[in-house]
Amino acid sequence: MAVPARVVANAELTTLVDTSDEWIRSRTGIGQRRLAAPDEYTSVLATAAAQQAIARAGIEPAQIELVILATCTPDRLFPATACTVQANLNLPHAGAFDLVAACSGFVYGLTVGTRMIQSGAHRTVLVIAADLFSHILNWHDRATCVLFGDGAGAVVLQATPEPLGLLSAVLRSAGQHEQHMAIAAGGTRQPLTPELLDAGGHFFTMNGGEVYRHAVRDMTTSSLEAVAAAGLTIDAIDVMIPHQANIRIIDALANRLMVPRERIFVNLERYGNTSAASVPLALCEAAAAGWLNAGSRVLLSAFGGGFTWASAVVRWGIPTTLVP
Ligand code: ACO
């Protein structure tokens with residue numbers, strides 16, 4: 001994982017908007033977030049996270065055959081930021097593309113990367129999720145600016161005959177709700193004009209209440225589907241890593257799924273909602289804190305703009321046998 005060095009506590013945001021540490025903590029569970037410096041853009045954090053993942057996997061960069069970068073805050077609209085990361089890492093044999101599924105992007109990317117390996121097309125795939133919402137937020141909109149932070153996480157996937165990795169995945173979307181989380185201008189539907197820029201059309205907007213309701217419902221049902229598709233029951237899940245958007249969403253999910261809170265890893269207090277990076281940041285910290293053992297069954301679940309949502313069951317472990 002890679003996060004910017006700059007820590008911004010809730011108290012600092014009270015100088016920008018009419019809010020309080022008490023409001024932000026009680027409504028969201030967030031205490032601080034990391035915000036990027038101007039020279040820390042998406043490809044920079046994505047590259048840093050990928051370098052760590054490659055080092056920990058003990059592989060040579062040249063082994064990587066595909067780079068999937070989940071992001072909705074790319075360096076530029078064109079070309080794909082994944083290509084910048086491929087060049088930064090000097091990967092001579094890798095294809096590269098961006099995947100846009102907002103906060104669900106890591107679970108989508110993990111699924112696509114795994115399926116590419118299972119199809120026999122690739123043996124080693126790098127999946128990165130990086131988002132820098134600080135660049136698309138309106139820092140005068142208290143309803144959104146207090147919620148997000150910047151970060152990146154990455155994993156290396158390799159082909160193995162061992163029963164490890166992704167056991168099941170459920171990917172869903174509901175584009176009829178696109179307006180509830182969006183950036184109105186800057187694309188082909190509404191190209192940016194000086195007037196739209198003045199009106200803040202380039203900023204992220206969100207209907208928090210609608211998102212909240214859908215997130216709880218859809219993360220619950222897709223989690224149950226993913227667990228069933230893995231041939232398991234919810235009691236067999238050792239660790240749950242939900243998207244870290246709001247502690248109230250996580251608590252509601254725990255109640256509905258009847259997963260004890262002590263099995264749910266939460267680091268939201270320190271990073272806020274880092275969009276696609278949120279699940280891999282939590283996965284990385286859960287592993288470092290000793291939550292994940294060889295064979296642990298891990299339930300991932302995320303919800304984001306689109307709407308998109310995704311849940312997956314992963315069997316944690318480092319493969320000892322690789323497909324030649
Ligand atoms: N500080 C102080 N007051 C605030 C703030 C703030 N930062 N933001 C809003 N308020 C006020 C509102 O103006 C409102 O005041 P009013 O009653 O006088 O009108 C009051 O607080 C309550 O606002 P609500 O929006 O009803 O607050 P709620 O309890 O619903 O919490 C929140 C809002 C935190 C945004 C919640 O709806 C939420 O977490 N939604 C889900 C967001 C999410 O999960 N996003 C994930 C996906 S993100 C992605 O994909 C990129």
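Selection over the stretch 99-128 of residues that are touching a Cys at 6+ places or on another chain (Cβ under 8 Å) and either part of a helix (DSSP H, G or I) or assigned by TED's automatic domain parsing to the domain that holds Ala276 (or both) gives a count of 2. Which pairs have Cβ atoms under 6 Å, sit 6 or more apart or on different chains, and link a residue in the stretch 131-144 that is touching a residue at least 24 places away in the same chain (Cβ under 8 Å) to one that is of a type in the set (Phe, Trp, Tyr)? Hits for this filter: Phe133/Phe148; Ile136/Phe204; Leu137/Phe204; Asn138/Phe203. When we screen Gly175, Gly151, Gly201, Gly208 for residues that are at pLDDT 95 or above and in contact with a Lys or Arg (Cβ under 7 Å, 6 or more places away or on another chain), the only hit is Gly151. Only residues that are under 24 Å from Cys72 (Cα atoms) and away from the ligand (no atom under 16 Å from the Cβ) were counted across the stretch 196-239, and they come to 6.
Specify which of the listed residues (Thr42, Thr14) is within 16 Å of the ligand (Cβ to nearest atom), under 14 Å from Asp131 (Cα atoms) and either under 23 Å from the mean Cα position of the chain (by Cα) or not assigned by TED's automatic domain parsing to the domain that holds Tyr271 (or both). Answer to the selection: Thr42. Among the residues of this structure, Glu285 counts as one that is closer than 24 Å to Gln52 by Cβ, surrounded by fewer than 23 Cβ atoms within 10 Å (Cβ to Cβ) and acidic (Asp, Glu). The single condition among (1) within 16 Å of the ligand (Cβ to nearest atom); (2) within 16 Å of the chain's Cα centre (by Cα) that Gly29 does not satisfy is (2).
Contact map, the stretch 5-16: first residue more than 22 Å from Tyr41 (Cα to Cα), second residue of a type in the set (Asp, Glu) and crowded, with 16+ Cβ neighbours inside 10 Å, Cβ cut-off under 6 Å, separation 6 or more or different chains; pairs are Asn10/Asp21; Ala11/Asp21. Asp39 - would you say it is in contact (Cβ under 8 Å) with a residue 24 or more places away in the chain, part of a loop (DSSP other than H, G, I, E, B) and either buried (at least 20 other Cβ atoms within 10 Å of the Cβ) or not aromatic (Phe, Trp, Tyr) (or both)? No, not satisfied.
Identify the residue in the stretch 127-158 that is under 18 Å from Ala312 (Cβ atoms) and out of contact with any Phe, Trp or Tyr (no Cβ under 9 Å at 6 or more places or on another chain) and, among all such residues, is nearest to the ligand (Cβ to nearest atom). Once the filter is applied, the top-ranked residue is Ala154. Here is a check on your reading of the model: is Ala185 away from the ligand (no atom under 16 Å from the Cβ), assigned to a loop (DSSP other than H, G, I, E, B) and in contact with a helix residue (DSSP H, G or I) (Cβ under 9 Å, 6 or more places away or on another chain)? Criteria met by Ala185. Scanning the stretch 8-36 for residues that are surrounded by fewer than 15 Cβ atoms within 10 Å (Cβ to Cβ) and either within 30 Å of Pro79 (Cα to Cα) or among the basic types (Lys, Arg) (or both) turns up just one, Arg25. Within the option set Ser223, Ser275, Ser301, being within 24 Å of Thr47 (Cβ to Cβ), at pLDDT 95 or above and either basic (Lys, Arg) or crowded, with 20+ Cβ neighbours inside 10 Å (or both) holds for one residue only, Ser275. When you look at Leu257, is it more than 15 Å from the ligand (Cβ to nearest atom), free of Cβ contacts under 8 Å to residues at least 40 places away in the same chain and over 16 Å from the mean Cα position of the chain (by Cα), yes or no? Spelling it out, Leu257 is indeed more than 15 Å from the ligand (Cβ to nearest atom), free of Cβ contacts under 8 Å to residues at least 40 places away in the same chain and over 16 Å from the mean Cα position of the chain (by Cα).
Out of contact with any helix residue (DSSP H, G or I) (no Cβ under 9 Å at 6 or more places or on another chain), surrounded by fewer than 23 Cβ atoms within 10 Å (Cβ to Cβ), more than 30 Å from Ile183 (Cα to Cα) and at pLDDT below 95: does that describe Ala294? So Ala294 fits the description; yes. So which of Asp251, Asp238 is acidic (Asp, Glu), touching a Ser or Thr at 6+ places or on another chain (Cβ under 7 Å) and modelled with pLDDT of 95 or more? Checking each option against the conditions leaves just Asp238. The lone criterion from (1) in a strand (DSSP E or B); (2) more than 22 Å from Val146 (Cα to Cα); (3) over 18 Å from the mean Cα position of the chain (by Cα) left unmet by Thr205 is number (2).
The values are calculated or read from the model by the stated rules, or taken from the named source; none is laboratory data. This is a predicted model, so every value here is computed, not measured. Quick reminder, even Gly has a Cβ in these numbers, built from the backbone with ideal geometry, and neighbours come from all protein chains shown.
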